[in-house]
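These notes are about the structure you will find just below.
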Amino acid sequence: MYARIIGTGSYLPERVVHNADLAKIMDTSDEWIRERTGIERRHYAAEGQTTVDLAEQAARRAIAAAGLNPGDIDLIVFGTTTPDLVFPNAGAMLQARLGCTGGPAFSVEAACSSFIYALSVAEKFVRLGEAKRALVVGAETLTRITDFTDRTTAVLFADGAGAVVLAPSEEPGIISTHLHADGSYQHLLYCTGGISKGYEPGTGNRAVIRMAGRETFKVAVTMLGNSVEEALAKNKLAKSAVNWLVPHQANIRIIQAVAKKLDMPMERVILTVQEHGNTSAASVPLALDTGVRDGRIKQGDLVLLEAFGGGFTWGSALVRM
Ligand code: COA
């Protein structure tokens, strides 16, 4: 038995912020941001619009694409780093919105890798027969933990949501997932505030993202390269077997480096970083839904998903659509 993706959906908040808008409030330029990251614009949640608000829209679209009703969902695994509250968990809050109460609903927190982690957890429930219609979400309001006085990170992060629905299938499906973490790198990319630890001095009692960009970049390229090779080796597949690479959308240069390792032309990479920025847990399901809805990713295609984030955490998933 396998778990198969039977529907995808995504949602971006209405407000679009261009590089030129950021250049008005900090010492940066459209040229620098495009050259170093590939980002041209991104979406920001409205005041009061929360991660679960974004997730609900994406979830309803994924459920509709699967030909189901919200009441059919019997498991929710919600990947996020920016939940609405400490508790109830974002999955439980989403479950109430969708009106599919009763089954398990929980969140998985692994920074930008949260969706890959959530997918890996949910597919095991489905494969083992413990869930029949699982909703897997990646959603963030990263602008709530963005330090707009720090140009090295403020230009990168944004808001959005993506979701998929999984169902049991005798054919693959999610072929394999490969999760990793190395907590000894936590000082290179982290958030300065938390409930138990409190706030870092000098942050004005705000929880904000801190990142050593250059160091993070190097580790990301190495680990993502290893992770996609691991997925192929585990399944004895040649690089050429993969139809689409759906990468975490942090930086176009990281994506190009991983594509090169796979001998994959950029025409077979789903790229949304230019329009979405880095939406953390939402970036992979947003890119997947983009590729599915514009008709590039078709049923039967072999798709390789990968992500890297704070922790460090990283992973990949090989999926037959
Ligand atoms: N606008 C203009 N200049 C900027 C800038 C900005 N927004 N941010 C940094 N700079 C400057 C720096 O101050 C530095 O100036 P200096 O040479 O005078 O010191 C110069 O640009 C180069 O900075 P550097 O940090 O070396 O740039 P980079 O090429 O490494 O690009 C990142 C920076 C953040 C885009 C890149 O390191 C990156 O993408 N890192 C990984 C990000 C990532 O994947 N994170 C999340 C994982 S989920």
Of everything in the range 84-103, what is farther than 23 Å from residue 191 by Cα and surrounded by fewer than 16 Cβ atoms within 10 Å (Cβ to Cβ)? Give them in sequence order. 96, 97, 99, 101, 102
So the check is Cβ under 9 Å with 6+ separation or different chains; which pairs have a first residue in the range 119-135 that's on the phi > 0 side of the Ramachandran plot and a second one that's of a type in the set (A, V, I, L, M)? 129/1
How many residues are surrounded by 20 or more Cβ atoms within 10 Å (Cβ to Cβ), part of a helix (DSSP H, G or I) and among the aliphatic types (A, V, I, L, M) when one looks only at the range 15-71? 9
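Residue-by-condition table, conditions (1) in a strand (DSSP E or B); (2) buried (at least 17 other Cβ atoms within 10 Å of the Cβ); (3) among the small types (Gly, Ala, Ser):
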{"position": "164", "(1), (2), (3)": "yes, yes, no"}
{"position": "168", "(1), (2), (3)": "yes, yes, no"}
{"position": "204", "(1), (2), (3)": "no, no, yes"}
{"position": "214", "(1), (2), (3)": "no, no, no"}
{"position": "227", "(1), (2), (3)": "no, yes, yes"}
{"position": "245", "(1), (2), (3)": "yes, yes, no"}
{"position": "253", "(1), (2), (3)": "no, no, no"}
{"position": "258", "(1), (2), (3)": "no, yes, no"}
{"position": "267", "(1), (2), (3)": "no, no, no"}
Pairs only if they're at least six apart or on different chains, beta carbon under 7 angstrom, first in the range 28-39 and farther than 10 Å from residue 155 by Cβ, second within 8 Å of the ligand (Cβ to nearest atom); list them, first residue then second. 38/251
Residue identified as among the hydroxyl-bearing types (Ser, Thr, Tyr), closer than 28 Å to residue 308 by Cα and touching a helix residue (DSSP H, G or I) at 6+ places or on another chain (Cβ under 7 Å) among 101, 80: 80
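On the basis of being away from the ligand (no atom under 13 Å from the Cβ), within 29 Å of residue 256 (Cα to Cα) and of a type in the set (Asp, Glu), does residue 56 make the cut?
For residue 56, the condition - away from the ligand (no atom under 13 Å from the Cβ), within 29 Å of residue 256 (Cα to Cα) and of a type in the set (Asp, Glu) - is not met.
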State whether one or more residues within the range 212-221 are more than 10 Å from the ligand (Cβ to nearest atom) and out of contact with any Pro (no Cβ under 7 Å at 6 or more places or on another chain). no
Taking only the range 48-63 into account, find how many residues are among the aliphatic types (A, V, I, L, M) and over 16 Å from the mean Cα position of the chain (by Cα). 1
May I ask you to list the residues in the range 306-321 that are over 10 Å from the mean Cα position of the chain (by Cα) and either within 11 Å of the ligand (Cβ to nearest atom) or within 30 Å of residue 212 (Cβ to Cβ) (or both)? 310, 311, 312, 313, 314, 315, 316, 317
Would you mention how many residues in the range 97-138 are more than 24 Å from residue 173 (Cβ to Cβ) and within 16 Å of the ligand (Cβ to nearest atom)? 3
Against the conditions (1) within 22 Å of residue 2 (Cα to Cα); (2) without any contact (Cβ under 8 Å) to a residue 24 or more places away in the chain, where does residue 176 fall short? Just the number, please. (2)
I need every pair where a residue in the range 294-308 that is within 15 Å of residue 268 (Cβ to Cβ) has its Cβ under 8 Å from the Cβ of a residue that is of a type in the set (S, T, N, Q) and crowded, with 21+ Cβ neighbours inside 10 Å, sequence separation at least 6 or different chains. 304/316; 305/316; 306/227; 306/316
Please pick out the residue among 185, 190 that is in contact (Cβ under 8 Å) with a residue 40 or more places away in the chain, assigned to a strand (DSSP E or B), within 14 Å of the ligand (Cβ to nearest atom) and not charged (D, E, K, R). 190
What is the one condition in (1) free of Cβ contacts under 8 Å to residues at least 12 places away in the same chain; (2) within 13 Å of the ligand (Cβ to nearest atom); (3) not hydroxyl-bearing (Ser, Thr, Tyr) that residue 255 does not satisfy? (1)
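Since every read-out is calculated from the coordinates, none of them should be taken as a lab result. Every value quoted in this text rests on a predicted model; they were computed, and no experiment measured them. Don't worry about glycine lacking a Cβ; one is built from the backbone with ideal geometry, like all the others, and counts go over all protein chains shown.
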